[in-house]
Amino acid sequence: MRVFKYLFWILYRIWFYVLVALPIVLLFPLLLLSILKEKWYPFFFKLARIWAKFILIGMGFYFKIEREQTPEYGKSYMLIANHTSMADIMLMLVTVSNPFVFVGKKELANIPLFGFFYKRTCILVDRNSAKSRQAVFLRAQRRLKSGLSICIFPEGGVPEEDILLDDFKDGAFRLAINHDIPVVPITFADNKKRFSYTFFSGGPGIMRVKIHNFLPTEHLQVEHTKTLNETSRSIILNQLKNFG
């Protein structure tokens with residue numbers, strides 16, 4: 001019986017990468033066209049949402065999204081969530097319909113096919129380079145001025161399996177304060193169980209999401225960064241505990 005479990009997990013992981021690649025191949029001409037100009041990004045974002053739903057449904061994931069507040073179209077936000085799975089990117093795309101840009105680690109740009117579009121549409125950061133982190137702020141500012149939102153997983157990476165929620169980095173909150181945009185805390189309840197970075201694990205099932213009430217920043221100063229950080233983390237941590 002255990003042999004069948006391991007066989008399932010191996011095939012399940014392979015199937016995930018098939019689902020990631022297939023829509024990119026089928027939609028390649030449209031995707032390529034959509035990244036030629038930065039102002040066409042909203043069109044690329046619509047295609048990315050189709051890609052994300054295709055993967056989640058194909059993996060047997062069904063998502064249940066609870067919203068305390070809904071982002072208004074045309075406004076910019078700082079979207080943050082806990083980070084436990086390769087499926088976090090897809091679930092975030094499904095959860096939020098307002099066009100946003102991911103800030104993510106540069107290593108993902110090395111993934112064949114996916115990386116080609118990832119490095120041309122996302123804001124890449126080398127977390128070991130102060131110069132790279134500074135460049136993130138400049139690129140994010142440009143995207144915010146064009147009316148887009150920004151998405152950052154503030155743990156700065158995927159924590160160890162036994163850690164429910166790691167400490168948050170300050171970058172997302174400093175950026176939100178500097179641009180007077182609300183922080184949108186989002187909790188992903190089941191991604192670690194469904195499809196974690198542990199190879200022999202996971203399986204079809206529910207993915208619960210909660211979009212919490214937004215945290216305004218218009219009256220905050222840079223010295224309030226740590227407080228905003230801790231408030232955001234507390235909201236997500238408490239929700240993770242409530243989800244169980």
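The values are calculated or read from the model by the stated rules, or taken from the named source; none is laboratory data. Every value quoted in this text rests on a predicted model; they were computed, and no experiment measured them. Every residue, glycine among them, receives a Cβ derived from its backbone with ideal geometry; neighbour counts consider all protein chains shown. Note: areas computed on protein heavy atoms with side chains; ligands, DNA, RNA excluded. Shrake-Rupley method; radii C 1.70, N 1.55, O 1.52, S 1.80 Å.
Quick grid of which residues meet (1) open to solvent by 60 Å² or more (accessible area, probe 1.4 Å); (2) part of a loop (DSSP other than H, G, I, E, B); (3) not aliphatic (A, V, I, L, M):
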position: Ser97; (1), (2), (3): yes, yes, yes
position: Phe116; (1), (2), (3): yes, no, yes
position: Lys119; (1), (2), (3): yes, no, yes
position: Arg142; (1), (2), (3): yes, no, yes
position: Gly156; (1), (2), (3): no, yes, yes
The range 49-70, residues that are outside any strand (DSSP E or B) and either of a type in the set (Asp, Glu) or touching a residue at least 60 places away in the same chain (Cβ under 8 Å) (or both): Leu56, Met59, Gly60, Glu68, Gln69, Thr70
State which residue pairs qualify: first residue farther than 17 Å from Met86 by Cβ and inside the range 149-168, second residue open to solvent by less than 60 Å² (accessible area, probe 1.4 Å) and of a type in the set (Ser, Thr, Tyr) in any location, beta carbons under 9 Å apart, and separation of 6 or more residues or different chains. Ser149/Ser76; Ser149/Tyr77; Ile150/Ser76; Ile150/Tyr77; Pro154/Ser232; Phe168/Ser232
Any idea which residue in the range 1-11 is farthest from the chain's Cα centre (by Cα), counting only those that are open to solvent by 70 Å² or more (accessible area, probe 1.4 Å) and not charged (D, E, K, R)? Met1
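If we keep just the residues of the range 51-94 that are among the charged types (D, E, K, R) and modelled with pLDDT of 95 or more, which is farthest from Ile177 (Cα to Cα)?
Lys53
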Would it be correct to say that Tyr73 is among the hydroxyl-bearing types (Ser, Thr, Tyr) and either in a strand (DSSP E or B) or touching a residue at least 40 places away in the same chain (Cβ under 8 Å) (or both)? no
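Please go through the range 182-238 and give me each residue that is of a type in the set (Asp, Glu) and either touching a strand residue (DSSP E or B) at 6+ places or on another chain (Cβ under 7 Å) or farther than 14 Å from Phe168 by Cα (or both), ordered by number.
As a first pass, look at the range 182-238 and keep what is of a type in the set (Asp, Glu): 190, 218, 223, 230.
Across the range 182-238, the qualifying residues are Asp190, Glu218, Glu223.
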Name the residue, out of Leu47, Leu27, that is under 30 Å from Pro182 (Cβ atoms), out of contact with any strand residue (DSSP E or B) (no Cβ under 9 Å at 6 or more places or on another chain) and not acidic (Asp, Glu). Leu47
I'd like to know if the range 12-35 contains one or more residues that are touching a Ser or Thr at 6+ places or on another chain (Cβ under 7 Å), open to solvent by less than 70 Å² (accessible area, probe 1.4 Å) and of a type outside the set (Gly, Ala, Ser). yes
Test: Asn110 is in contact with a Gly (Cβ under 9 Å, 6 or more places away or on another chain), at negative phi, polar (S, T, N, Q) and surrounded by fewer than 22 Cβ atoms within 10 Å (Cβ to Cβ): no
Return yes when Leu79 is open to solvent by less than 10 Å² (accessible area, probe 1.4 Å) and in a strand (DSSP E or B) and no when it is not. yes
If Ser132 passes every condition in (1) polar (S, T, N, Q); (2) modelled with pLDDT under 95; (3) under 19 Å from Thr187 (Cα atoms) but one, which one does it miss? (3)
Quick check on Tyr41: is it over 25 Å from His212 (Cβ atoms), at pLDDT 90 or above, surrounded by fewer than 21 Cβ atoms within 10 Å (Cβ to Cβ) and hydroxyl-bearing (Ser, Thr, Tyr)? yes
Quick check on my filter: what residues within the range 158-180 are open to solvent by 50 Å² or more (accessible area, probe 1.4 Å) and among the charged types (D, E, K, R)? Glu160, Glu161, Asp162, Asp166, Asp167, Lys169, Arg174, Asp180
